[in-house]
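Asks: Next up is a structure, given as structure tokens.
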Amino acid sequence: MRELTYCFLFQTTSENVTRRIALRPLGTPFAVSSSRLDTKAISNRFLKSPLMQTEQYSTSQFARDVDTCVRKCPNESEVLRWIKPLLEKLVRSPGSVPAEAFAPRKDRFAMNLIHMPRDERFSMVGGVWHPGQTTPIHDHLTWALIGVYDGEEREALFRRTNDGSNPKIAKIEKVSEKINTKGHVTVLGNRGIHRVDNISGKPTTSIHVYGRDIGHAERHSYDPVTGEISRFVSRYCNVLRDKERF
Ligand SMILES: [Fe+2]
């Protein structure tokens, strides 16, 4: 599966691409196509995994299944309907995700790129929240699935109550909040808005799938008090330098 673009090797085999991405100004298109990545030099660690020799559902098999799904399903609801049980199966399979996908950060939650096909039709990310770490209230501007692999996360879902005519201010309201534990999969359409944090005493790990190159997509965070909308590009923790801010 030569498209598998696993994380840390970006930094060691494609430093120019990494640097170019890191310096890209907010709001400009992602100019570096994945075809410029040195994919021949990117080894496929998953295919070498012993997990491939067993009945275990692996990240590489999951990535192949998702790839098939996004190209065959006619719309967002079908994509979500088909991928949800696959992600549930993945996060419930012991040892299905390599530990490297969950490399943490001390200063913020971590989002590590696991896989993205050449045409960037979707991205697969390993997320890590240490105790006390939180996201802002944010959107993805694409479909998203988030499956809890280990630990527990608190997730609050929001909805926008105004018409969106003001690009700088939004009225949002919380519609639910709950604790998600291992095996739970959240499904969000392209209008989904949420916040995820870890109020437990242990790290939380999760697998995320998005309908675009989520690390290089400009999207929004929302101030729950003032309603102010901010733009941000999240990037990937394992592709970019640690000093990059969220
Ligand atoms: Fe999110």
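The values are calculated or read from the model by the stated rules, or taken from the named source; none is laboratory data. The shown structure was predicted, so the numbers you read here are calculated from the model rather than taken from an experiment. Cβ atoms come from the backbone with ideal geometry, glycine included; neighbour counts cover every protein chain shown.
Asks: So, Val175, is that one at pLDDT 95 or above and in contact with a helix residue (DSSP H, G or I) (Cβ under 7 Å, 6 or more places away or on another chain) or not?
Replies: no
Asks: Given the options Glu177, Glu155, name the one that is within 27 Å of Ala99 (Cβ to Cβ), within 16 Å of the ligand (Cβ to nearest atom) and part of a strand (DSSP E or B).
Replies: Glu155
Asks: Give me the pairs, please: first residue somewhere in the stretch 119-143 and more than 15 Å from Ile207 (Cβ to Cβ) and within 12 Å of the ligand (Cβ to nearest atom), second residue anywhere and among the acidic types (Asp, Glu) and part of a loop (DSSP other than H, G, I, E, B), beta-carbon distance under 8 Å, and either six or more positions apart or on two chains.
Replies: Listed by first residue and then by second, the contacts come to Ile137/Asp223.
Asks: Name the residue, out of Ala217, Ala170, that is more than 13 Å from the ligand (Cβ to nearest atom) and either in contact (Cβ under 8 Å) with a residue 60 or more places away in the chain or in contact with a strand residue (DSSP E or B) (Cβ under 8 Å, 6 or more places away or on another chain) (or both). Give the steps one after another, and end with the answer.
Replies: On the way: Ala217 fails: more than 13 Å from the ligand (Cβ to nearest atom).
Criteria check complete, one pass: Ala170.
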